[in-house]
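The structure under discussion appears below in the form of structure tokens.
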Amino acid sequence: MRTKSYDIITVGGGLAGLALAKAMAEHGASVLVLESQTRFRDRVRGELMWPWGTAELVELGIYDLLMDAGGHRVPWLDVYRGPKRMVHRDLVNTTTPGLPSTTFYHPQMQEALSEAARAAGAEVRLGARVRGIRQDTTPVVVADIEGREVEVKARLVVGADGRTSSARKWGGFKVQRDPDQIMIAGLLFDDLPVPDDAAHIFPYSKFGLSVLFFPQGHGRVRAYFCYPAERGYRLTGKADIGRFIEESLKTGVPAEYYAKAKAAGPLATFSGAHTWVDHPYRCGVALIGDAAASADPAHGQGLSKTVRDVRVLRDQLLAHEDWDDAGHAYAEEHDRYYGINHTMESWASQMLFETGPEADARRGKAIPKWPKDPTRLLEPFYSGPDQVLDEAARRRFFGEE
């Protein structure tokens, strides 16, 4: 059975798919969002945007919407050596966007964006399972909707279905992947008394460990424990919560942070290896967010890149009558800024997560210089991939000059 055609179908109703649906529906496009979940629930994932991601939220006109849905301003970055804070950076006054970082709780964000997309005129279908994409003259999506199989045409199909994207396979994209280096275990806590005006990073690089705390306000914190993949284990489920805390304390996190904290969500572990496709557009199918390129969650760039993808694709679609030209223009720009992000994260991982005498010597040269001059930290992390990332930036980060 064939139903009506749309300008855009997004496969996935997360941040990427819903933000694009809202943005394009506001410009008169007919948009269908197909989301497999019947209700939005908590999962382990990134929930911090650095200032450049906040700027993209503003550009898309959804910053106030997310703040009204429980979003939280995080104006400071704190980096520790053991329990001692060595960097306390004012992100608002020292970054190019001049904005704070932003955190939010994913289910609340999805509910708010879903309602906003509908209000803009998009059709959002929950519980819709996409079975495939055919790239005929016009792309066709095959999906189970309300208990029946339908085929729906679109001028453009957008794969926004995350780091394990099926749309990549259906669209014929070649997936590339870095080797495993870091594993990231994540857990949501309530009543964890970390100061809620800062993103907190506790690296213990001698053993390749790091703890990240991203507060969401009112004592709710998304916590991550990063460790070498070569250790060969995964922390998952209620039975491993105790070990999550025990391992996290090895980085110098104050034990009192966990004394009264209560787990408020699932515990799961993921590889930090980058997974990406070159040129994420072909034959009427575009990929955005983690479907196009999933960054290492240990560095917190994924959500900012996702909203950059949405904004760039929106702008290209509005600038070109021929959406095939728009898709290629988006993909070329995506490869540029993702390439900067990928290079930057490889340098940061080399500094923070590699172990051994050579790595220790590298850190001994660089890290003591950071408190005196926080701009030695790689600026694209905070101000975005339009910042200069060249040999001079690398040398300053590694303390070579």
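Residues that are buried (at least 21 other Cβ atoms within 10 Å of the Cβ), modelled with pLDDT under 95 and in a loop (DSSP other than H, G, I, E, B): does region 208-217 have at least one?
Yes, some residue in region 208-217 is buried (at least 21 other Cβ atoms within 10 Å of the Cβ), modelled with pLDDT under 95 and in a loop (DSSP other than H, G, I, E, B).
Would you confirm whether or not region 381-392 contains a residue that is free of Cβ contacts under 8 Å to residues at least 60 places away in the same chain, assigned to a helix (DSSP H, G or I) and more than 17 Å from Ile201 (Cβ to Cβ)?
Yes.
Mind listing whichever residues of region 99-123 are among the aliphatic types (A, V, I, L, M) and either over 24 Å from Val44 (Cβ atoms) or more than 23 Å from the chain's Cα centre (by Cα) (or both)?
Those that are among the aliphatic types (A, V, I, L, M) and either over 24 Å from Val44 (Cβ atoms) or more than 23 Å from the chain's Cα centre (by Cα) (or both): Leu99, Ala116, Ala117, Ala119, Ala120, Ala122.
From Leu65, Leu15, Leu60, Leu48, which residue is more than 25 Å from Tyr338 (Cα to Cα) and either under 16 Å from the mean Cα position of the chain (by Cα) or among the aliphatic types (A, V, I, L, M) (or both)?
Just one listed residue meets the conditions, Leu65.
Report yes if Thr355 is assigned to a loop (DSSP other than H, G, I, E, B), farther than 15 Å from Asp178 by Cα and of a type in the set (S, T, N, Q), otherwise no.
yes
Name every residue in region 15-32 that is within 15 Å of Glu115 (Cα to Cα) and surrounded by fewer than 24 Cβ atoms within 10 Å (Cβ to Cβ), in order of residue number.
Ala25, Glu26
Matching residues to (1) aromatic (Phe, Trp, Tyr); (2) within 30 Å of Met24 (Cα to Cα):
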{"position": "Asp161", "(1), (2)": "no, yes"}
{"position": "Phe173", "(1), (2)": "yes, yes"}
{"position": "His200", "(1), (2)": "no, no"}
{"position": "Phe213", "(1), (2)": "yes, no"}
{"position": "Pro228", "(1), (2)": "no, no"}
{"position": "Arg243", "(1), (2)": "no, no"}
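Of the residues that make up region 80-98, is at least one crowded, with 16+ Cβ neighbours inside 10 Å, over 30 Å from Val253 (Cα atoms) and more than 19 Å from the chain's Cα centre (by Cα)?
No; the residues of region 80-98 include none that is crowded, with 16+ Cβ neighbours inside 10 Å, over 30 Å from Val253 (Cα atoms) and more than 19 Å from the chain's Cα centre (by Cα).
For Ala116, state whether it is in contact with a strand residue (DSSP E or B) (Cβ under 6 Å, 6 or more places away or on another chain), of a type in the set (Gly, Ala, Ser) and either farther than 28 Å from Phe270 by Cβ or surrounded by fewer than 21 Cβ atoms within 10 Å (Cβ to Cβ) (or both).
Judged against the criteria, Ala116 is not a match.
Need the failing condition index for Ala69 against (1) under 18 Å from Val307 (Cα atoms); (2) touching a Leu at 6+ places or on another chain (Cβ under 7 Å), just the number.
Just one mismatch for Ala69, condition (2).
Check every one of the helices (runs of 4 or more DSSP H) wholly within region 1-78 and list those with 3 or more residues that are hydrophobic (A, V, I, L, M, F, W, C) and within 13 Å of Val158 (Cβ to Cβ).
Hits in region 1-78: 15-25.
Name the single residue, out of those in region 179-206 being out of contact with any helix residue (DSSP H, G or I) (no Cβ under 9 Å at 6 or more places or on another chain) and not hydrophobic (A, V, I, L, M, F, W, C), that is surrounded by the most Cβ atoms within 10 Å (Cβ to Cβ).
If we take residues in region 179-206 being out of contact with any helix residue (DSSP H, G or I) (no Cβ under 9 Å at 6 or more places or on another chain) and not hydrophobic (A, V, I, L, M, F, W, C), then His200 is surrounded by the most Cβ atoms within 10 Å (Cβ to Cβ).
Can you tell which of Asp296, Asp335, Asp290 is of a type outside the set (Gly, Ala, Ser), within 22 Å of the chain's Cα centre (by Cα), on the phi < 0 side of the Ramachandran plot and modelled with pLDDT under 95? Explain how you work it out, then say what you get.
Working: Asp335 fails: modelled with pLDDT under 95; Asp290 fails: modelled with pLDDT under 95.
Sole residue among the options that is of a type outside the set (Gly, Ala, Ser), within 22 Å of the chain's Cα centre (by Cα), on the phi < 0 side of the Ramachandran plot and modelled with pLDDT under 95: Asp296.
So is Ala154 in contact with a strand residue (DSSP E or B) (Cβ under 8 Å, 6 or more places away or on another chain) and crowded, with 24+ Cβ neighbours inside 10 Å or not?
No, not satisfied.
Take the residues in region 119-130 that are in contact with a Ser or Thr (Cβ under 9 Å, 6 or more places away or on another chain) and either in a helix (DSSP H, G or I) or among the hydrophobic types (A, V, I, L, M, F, W, C) (or both), then tell me which one is surrounded by the most Cβ atoms within 10 Å (Cβ to Cβ).
Ala122
Filter region 220-237 down to the residues that are farther than 18 Å from Leu249 by Cα and modelled with pLDDT of 95 or more, then identify the one that is surrounded by the fewest Cβ atoms within 10 Å (Cβ to Cβ).
Among those that are farther than 18 Å from Leu249 by Cα and modelled with pLDDT of 95 or more, it is Gly237.
The values are calculated or read from the model by the stated rules, or taken from the named source; none is laboratory data. The structure displayed is predicted, hence computed values, not measured ones. FYI the Cβ positions are ideal-geometry reconstructions off the backbone, even for glycines, and counts take in every protein chain you see.
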